[in-house]
Amino acid sequence: MANYFRSNIDLMPAYTPSEQIQPSAKIIKLNSNENPYPPSPTVMEVLRNFDGESLRRYPNAFAQEFRQAASQALGVPVDWIITGNGSDELLSVVMRACAEPGRKVVYPVPTYVLYSTLTQMQAAESVEIPYSEDYRLPLEELIAVNGSVTFIASPNSPSGHMVPIEDLRKLATHLSGILAIDEAYVDFAEGNALDLTQEFENVISLRTLSKGYSLAGVRLGFAIAHPKLLSALYKVKDSYNVDAIAIAVGAAAMNDQAYKNACIEKIKASRKKLAIELKQLGFRVWNSQTNFLLVQPREGNAEELSQRLKEREILVRYFKQPRLDDKLRITIGTDEQNQVLVETLISLIQ
């Protein structure tokens, strides 16, 4: 077959998403960090009454209705917000604007593997700096590289830990490139880095409605940064990258913070309970400020355990890569789902 592709595309591995199933399938799905609760009732009302005329026309190119709702919910100016087809698209937009051959993209590992994929797509240089065993941010090493883009997921996946705000502030102070703080799981955390976007022109906070707002199927993300930084991102994003339905339901979700917060509190309570139960079974469990737990089976047989759970119609996430190949990432489900998981694990390990 003819070689149609750029050399870096030929050489790079494809990003592998978590396994997906039909919504009607009777499987306990704890592998994709989806919210176990339905979207806000106001979101469902918007869907039921959606005006079909809006589907004939192009959506607002800036997703203005959503930006106004997000502005009000977060207390940031509208022109500090950019929207995307999920926060993954906005990560890609940052890379298209800032990364190219000869430029370095830096991030601590293990972390979200898409950073590596996006770097390879741009034929830029990846610099992966290992986290310590206690997931302390390797500040001096990150600063020394001074990449064109530095990605920090906080809270991080798959570890679930939060990076201290002072570490992020120090990093932003010393970098000449972009500091992209991926806050996909921030709704479950005890803090955030939003203030840093006001303090530093080179900081961008990226967020999503997939996790806290139960809208993973809609694909809607947004980012907050200084308008000067966003002006360059608008040059490389698709013209109409967020569809009319996503804009409408996203705005409704942002306007119903009370519902979102109630779901978050239920997930936090379930997270605490599940962590205790897994520790009692002999698992090592890392502290988490997300809607998942990173756990290590007592026997270190994570891959085998994930397969045996799958045979019993329970999906969890296994990563076959260094420092993670003896661990599992388990999404927090409902209390009922978590209880089935625990009972199944008891039957498998005893």
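So that you can scan it fast, the table gives a plain yes or no per residue for (1) in contact with a Pro (Cβ under 8 Å, 6 or more places away or on another chain); (2) open to solvent by less than 50 Å² (accessible area, probe 1.4 Å):
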site	(1), (2)
THR290	yes, yes
VAL295	no, yes
ASN301	no, yes
ASP325	no, no
ARG329	yes, yes
ILE332	yes, yes
GLU343	no, no
LEU348	no, yes
Answer yes or no as to whether ILE247 is at pLDDT 95 or above, assigned by the TED database to the domain that holds HIS161, part of a helix (DSSP H, G or I) and of a type outside the set (Asp, Glu). yes
What are the residues in region 138-159 that are in a strand (DSSP E or B) and either open to solvent by 10 Å² or more (accessible area, probe 1.4 Å) or out of contact with any Leu (no Cβ under 7 Å at 6 or more places or on another chain) (or both), if any? VAL149, PHE151, ALA153
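Among the residues of region 193-217 satisfying the criterion of being charged (D, E, K, R) and either at pLDDT below 95 or assigned to a loop (DSSP other than H, G, I, E, B) (or both), which is surrounded by the most Cβ atoms within 10 Å (Cβ to Cβ)?
Taking region 193-217 as the starting set, the residues that turn out to be charged (D, E, K, R) are 195, 199, 201, 207, 211.
From the residues that got through so far, the ones that are either at pLDDT below 95 or assigned to a loop (DSSP other than H, G, I, E, B) (or both) too are 201, 211.
Working: GLU201: 14, LYS211: 24.
Among residues in region 193-217 that are charged (D, E, K, R) and either at pLDDT below 95 or assigned to a loop (DSSP other than H, G, I, E, B) (or both), the one surrounded by the most Cβ atoms within 10 Å (Cβ to Cβ) is LYS211.
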Is it fair to say LEU315 is farther than 30 Å from ALA63 by Cβ, part of a strand (DSSP E or B), open to solvent by less than 20 Å² (accessible area, probe 1.4 Å) and not assigned by the TED database to the domain that holds PRO164? yes
Checking the condition at pLDDT 95 or above, acidic (Asp, Glu) and either open to solvent by 40 Å² or more (accessible area, probe 1.4 Å) or not assigned by the TED database to the domain that holds TRP80 (or both), which residue from GLU190, GLU183 passes? GLU190
Mind checking which residues of region 170-180 are more than 13 Å from VAL106 (Cβ to Cβ) and surrounded by fewer than 16 Cβ atoms within 10 Å (Cβ to Cβ)? THR173
What are the residues in region 215-254 that are without any contact (Cβ under 8 Å) to a residue 24 or more places away in the chain and either among the hydrophobic types (A, V, I, L, M, F, W, C) or over 29 Å from GLU53 (Cα atoms) (or both), if any? SER231
Of all residues in region 272-288, count the ones that are open to solvent by 40 Å² or more (accessible area, probe 1.4 Å), touching a residue at least 24 places away in the same chain (Cβ under 8 Å) and not in a helix (DSSP H, G or I). 1
Unmet requirement for MET162, which otherwise passes all of (1) open to solvent by 30 Å² or more (accessible area, probe 1.4 Å); (2) aliphatic (A, V, I, L, M); (3) more than 25 Å from LYS327 (Cβ to Cβ): (3)
From the option list ILE224, ILE264, single residue qualifying as open to solvent by less than 10 Å² (accessible area, probe 1.4 Å), touching a helix residue (DSSP H, G or I) at 6+ places or on another chain (Cβ under 6 Å) and not assigned by the TED database to the domain that holds VAL76 is ILE264
How many residues of region 89-119 are open to solvent by less than 50 Å² (accessible area, probe 1.4 Å) and either in a helix (DSSP H, G or I) or charged (D, E, K, R) (or both)? The answer is 15
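From the list ALA269, ALA258, ALA253, which one is open to solvent by less than 10 Å² (accessible area, probe 1.4 Å) and not acidic (Asp, Glu)?
Going through ALA269, ALA258, ALA253 in turn, just one is open to solvent by less than 10 Å² (accessible area, probe 1.4 Å) and not acidic (Asp, Glu): ALA253.
The values are calculated or read from the model by the stated rules, or taken from the named source; none is laboratory data. Note that this is a predicted model, so its numbers are computed, not measured. No Cβ is skipped: glycine too gets one built from the backbone with ideal geometry, and neighbour counts run over all protein chains shown. Ligands, DNA and RNA are excluded from the accessible area calculation, which covers all protein heavy atoms including side chains. Shrake-Rupley method; radii C 1.70, N 1.55, O 1.52, S 1.80 Å.
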